[in-house]
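> Dropping a structure here in structure tokens format, bear with me for questions.
Any read-out appearing in this document is the output of simple, stated calculations on the displayed coordinates, not a laboratory observation. All of these numbers come straight from a predicted model, not from anything done at the bench. Here the Cβ positions follow ideal geometry from the backbone for every residue, glycine too, while neighbour counts run over all protein chains shown.
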Amino acid sequence: MLPSLKSIGDVKGKKVLVRVDFNVPIKEGEVPAGSEWRLRAVVPTLDYLAQAGAKIIILAHLGRPRGHDLHYSLYPVFEKLKKLWLADLFFSHDVLGAAVERAINNLKNGGAVLLENLRFYKEEEANDETFAQSLSAYGDVFVNDAFAASHRAHASIVGLPKFLKSYAGFLLEKEIAVLSMVRAQPRRPLVLIMGGAKADTKLKLVKEFLDKSDGILLGGVLANTLLYARGLAVGKSMVDENLVSEARKMDIVSNHLHLPVDVAVSRSLNRPDGLNVRPIGRVGENEFIIDIGPDTMALFEKVIKSARMIIWNGSLGLTEVPAFKKGSLVVAKAVAESRGEKIIGGGDLISFLTEENLIDKMTYVSTGGGAMLEFLAGEELPGIIALENQS
Ligand code: 3PG
């Protein structure tokens, strides 16, 4: 059983560490409108603690920085959070050090401080015990409300429960409750759609979902990588080089696994320069795959129509460029029109569906991308195990 935030007891004047997932898109130094959903999702937990008079220390990450890189600063997230959560909120420009301790000691009851990106310290992803212990020293108790990062065995996710009494926040609890029901009673035919970046998280899931689903539709970096691993030309497209040999070994053949049969290509990733459709294998040396092609759209639409349940993470093209979003839009409309259950999740996809006014057509929107997929594939998430197994 997950220890619920409701059982945290009297936290008036106590320092509560709250891990959240604020990994949201940043454009021109701001969280763009429509991309603040992961912030809104944790407000119930933050409100509950603030109203109970706790001193709240918010821990989060952004992107995958290598060291202290201000392009990945959480400051824009702080500015956005300040607008939508009207609390006494401060920002700490570091994660460790005397200035952080001072900021925490200055908190009033009900006040909060957001610490800078935890991933500025490599110890976070390395799950370094000393780092977790240093973080734990800031608080009296820990709340994990970062469902979307709970598939990572990182210091702030699995290390903190070793040092502090720990609870599941309201968002984490809700995600686990809803997705447990989906996992226990999947509707068949079940169709899985996977696109976007982060092929590393998704590759193993293709295999895990093969027996559990009736159709798998692939786009994005994962599809590029699998095509490339099969020896097909992908030009300058984004491929996860580290996965190629694993993908070759997997060599999955299944008539319900669908890779694109044609793709849209461009010579530029930022604008439609030389926008063309190519059959698979005919991508030119100087071309990038930026979307699925029309035959693939028709194939994907057909498979989606047959589904009674759809699970979707990751858009199928580079949706940030309007000319490259056609495939994702066709698929999004087919999903929206499906009479089956539609479970979608993850960063860019939620922003995209929000922009296209299709988000309300989904049955359940999870804040988790990889976390949602791993959980639905039947894996135990390290962050959940850490909460359940604390002594
Ligand atoms: C996500 O956006 O899915 C989570 O924040 C995890 O991010 P990561 O894949 O960089 O660990």
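> Using only the Cα atoms of the stretch 180-221, build the gyration tensor, take square roots of its eigenvalues as a ≥ b ≥ c, and label the shape rounded, prolate or oblate: rounded if a/c is under 1.5, else prolate if a/b is larger than b/c, else oblate.
prolate
> Packing-wise, with mean Cβ within 10 Å as the measure, how do 172-183, 92-103 rank, highest first? Mind showing how you got there, number by number?
On the way: 172-183: 18.0, 92-103: 15.2.
In descending order of packing, they fall as 172-183, 92-103.
> According to a simple spin-label model (label point 7 Å from Cα along Cα-to-Cβ), what is the distance in nm between R66 and L2?
3.5
> With a cut-off of 8 Å between alpha carbons and a minimum separation of six or more residues, what is the relative contact order of the chain in percent?
Contact order relative to length: 17 percent.
> Taking 8 Å as the Cα distance limit and 6 or more residues as the minimum spacing, I'd like the relative contact order of the stretch 180-366 as a percentage.
Value for the stretch 180-366: 22 percent.
> Still on this structure, I have one more. Only helical DSSP H runs with n ≥ 4 go in: add -39500 (n - 2.57) per run for the chain, normalise by residue count and round the 222 nm mean residue ellipticity to 500 deg cm²/dmol.
Numbers: 15 runs with 134 residues, N = 391.
Helices in the chain give a 222 nm mean residue ellipticity of -9500 deg cm²/dmol.
> Taking 7 Å along the Cα-to-C-beta vector as the label spot, tell me the E241-R102 distance in nanometres, rounded to one decimal.
It is 4.4 nm.
> I want to check the label-to-label distance for K361 and V277. Put each point 7 Å from Cα in the C-beta direction and report it in nm to one decimal.
Result: 2.1 nm between the two label points.
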